[in-house]
Amino acid sequence: MRRATVRSLAKLNLDLRVLDRRPDGYHELRTVFQTISLADRITIEYTPGRRTTLAIDGNVDIPGNLILKAAESVMEACRVKGAVRFRLEKRIPMGAGLGGGSSNAAAILLALPVLSGAVLPVARLISIAAALGSDVPFFLFGGAAAGIGRGTELFPLPDLGGHHGIVVSSSVHVSTAEAYRALNRKLTIPGSEPDTGGFQSVLWGLGDDRPDCGWMQSCANDFEEAVFARHPELRVIRRRLERAGARPARMTGSGSAVFGIFGRRRESLEAAAALAPWAERQGVEIHPVSLVGRRRYQTMWWNQLREHISGKLWPPQSRYSKE
Ligand code: C5P
């Protein structure tokens, strides 16, 4: 039996623009993804065998759990069989726009081939990831990345080195599909060009970490107006983070989590301490986080699969593999 315990990180959308509705039912996006230190923990035990059985234990009952779907897809693609047991310790709030389910799925896609001794080309891994969900491919790479198309076409961005922040989660649950519907976007008109000026200026400014610089002021989340109209308490959380000094403070994904970026760790921890009594009164949770760059993300993955890895390719290749 081979076992690994891995951390499955959450993400923020530092910027998120929803353009037209596409003929395939998805929306055309422009977004900046960023991995953060808030994480679930997944233990995976793989025992080779003639038959595949999948079982999951953990502290939550998740409908349509992506872990099992990811395991089925990747084992089929690798042509491996066996008994796989997962233990999920859930810490990333669900239905919050933090990508927890997508991150769990990507974690399985990274770890299971290694544990089962298979080698999958990265292009294959990406297409399996995209079939599981629009945010899953991003978690194969982590760091900061621009996501366009459905969110599955990814371009690396420079790391926002050393930034820290606060994520505020509440009991508000937002359905992603409903949030998209509420935007009521028009269908793509062939030949028309979407206005991406705001997104471009955020990307051009992204390396700048002076306080209150351009990108921090101009970054946006197109879901905020529609989601805040239904859940005004989320706008209050955003204002509270801004008053505590966050630049920017925004909702992530289609909500309901709201984050604030504070720059240095000390500022972020001081703000978290100052906000604690308010959070308790409101019944919301405060999670201090750091932004995790691509190198740190990939090193974390090497370390957590190290004893099973050979070679130096990304994604990690198994030392049980015959290739
Ligand atoms: O891809 P994923 O399964 O995460 O998407 C969930 C839902 O969000 C989709 O069924 C769709 O309604 C909506 N969505 C969208 N456009 C995207 C991504 C998601 O309309 N780019």
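Across region 245-253, rounded Karplus estimates of 3J(HN,Hα) from the backbone phi angles (6.51 cos²θ - 1.76 cosθ + 1.60, θ = phi - 60°) give x, 5, 9, x, 10, 8, 7, 10, x Hz, Gly and Pro being marked x. Ordering Leu19, Gly205, Gln304 by the projection of their Cα atoms onto the charge dipole of the chain, which places +1 on the Cβ of Lys and Arg and -1 on the Cβ of Asp and Glu, puts Gln304 at the extreme positive end.
Can you show me the helix-derived [θ] at 222 nm for the chain, built from DSSP H runs with n ≥ 4 at -39,500 (n - 2.57) apiece and divided by the number of residues, rounded to the nearest 500.
Details: 11 runs with 116 residues, N = 323.
After summing the helix terms and dividing by residue count, I get -10500 deg cm²/dmol.
Counting Cα-Cα pairs of region 1-47 in 10 Å increments starting at 0 gives whole-percent bin shares of 22, 26, 25, 21, 6.
Can you compute the FRET efficiency between Leu187 and Arg235 using 1/(1 + (r/R0)^6), with r the Cβ-Cβ distance and R0 = 25 Å? Round to the nearest 0.05. It would help to have the intermediate numbers written out before the result.
Values: r = 30 Å, r/R0 = 1.18.
My answer for the efficiency is 0.25.
Largest mean-square fluctuation among Val32, Val74, Val236, in a Gaussian network model of the chain whose springs join Cα atoms under 10 Å apart, belongs to Val236. The C-alpha atoms of the chain define a longest principal axis, and helix 100-116 lies at about 20 degrees to it.
Can you give the angle from 0 to 90° between the axis of helix 294-305 and the longest principal axis of the chain, with both taken from C-alpha atoms, to the nearest 10? Its long axis makes an angle of about 30 degrees.
Distance from the Cα centroid of region 71-93 to that of region 246-323 is 22 Å (rounded to whole angstrom).
With a Förster radius of 30 Å, plug the Cβ-Cβ distance of Glu280 and Arg41 into 1/(1 + (r/R0)^6) and report the FRET value to the nearest 0.05.
On the way: r = 26 Å, r/R0 = 0.86.
Approximately 0.70, to the nearest 0.05.
What whole-number volume per residue, in cubic angstrom, does the convex hull of the C-alpha atoms of region 231-323 give?
Values: hull volume 13.7 nm³, N = 93.
Enclosed volume per residue, from the Cα hull, is 147 Å³.
Expressed per residue, the C-alpha convex hull volume of region 180-305 stands at 173 Å³. As a rough footprinting exposure proxy, the listed residues Asp20, Asp159, Asp212, Asp15 were ranked by other beta carbons within 10 Å of their own, and the order from fewest upward is Asp212, Asp20, Asp159, Asp15. Sorting 257-270, 216-229 by their mean Cβ neighbour count within 10 Å, with the most densely packed peptide first, gives 257-270, 216-229.
For the pair Asp208 and Ser290, a Förster radius of 22 Å applied to the C-beta separation gives a FRET efficiency near 0.70, rounded to the nearest 0.05.
Both radii are taken from the alpha-carbon atoms of region 1-144; with Rh as the Kirkwood radius, Rg/Rh is 0.98. Its Cα gyration tensor gives region 91-229 an equivalent ellipsoid. The semi-axes, each the square root of 5 times an eigenvalue, are 27, 20, 19 Å from largest down. Model label points for Gln298 and Ala55, set 7 angstrom from Cα along the Cα-to-Cβ axis, are 3.7 nm apart.
Identify, among Leu187, Ala129, Leu157, the residue whose Cα sits farthest towards the positive end of the charge dipole of the chain, taking +1 on the Cβ of Lys and Arg and -1 on the Cβ of Asp and Glu, with the dipole about the Cα centre. The listed residue farthest towards the positive side: Ala129. With N the number of residues in the chain, Rg(Cα) / (2.2 N^0.38 Å) evaluates to 1.00. Normalising the average separation of contacting C-alpha pairs (under 8 angstrom, six or more residues apart) by the number of residues puts the relative contact order of region 1-138 at 28 percent.
With contacts defined as alpha carbon pairs under 8 Å and 6 or more residues apart, what's the relative contact order of the chain in percent? Could you put the intermediate results ahead of the total?
Details: 695 pairs, mean separation 78.4, N = 323.
Relative contact order for the chain comes out at 24 percent.
Remark: Lys69, Lys81 ranked as Lys81, Lys69, counting other beta-carbon atoms within 10 Å and listing the fewest first.
Based on the reciprocal of the average 1/r between different C-alpha atoms, the Kirkwood radius for region 71-117 equals 11.9 Å. For Ser37, nonlocal amide neighbours, meaning residues 5 or more places apart or on other chains whose placed amide H falls under 5 Å from its own, are Ser290, Val292.
Computed over region 108-188, the convex hull of the alpha-carbon atoms projects to a mean area of 8.5 nm². Phi angles across region 20-28 convert, under the Karplus curve 6.51 cos²θ - 1.76 cosθ + 1.60 with θ = phi - 60°, into 3J(HN,Hα) values of 7, 7, 9, x, 7, x, 7, 9, 7 Hz, Gly and Pro given as x.
We did not get these values from a lab; they are worked out from the coordinates using the rules stated. Values in this document were obtained by computation on a predicted structure and should not be read as measured data. Cβ coordinates were reconstructed from backbone atoms using ideal geometry, including for glycine residues, and neighbour counts include every protein chain displayed.
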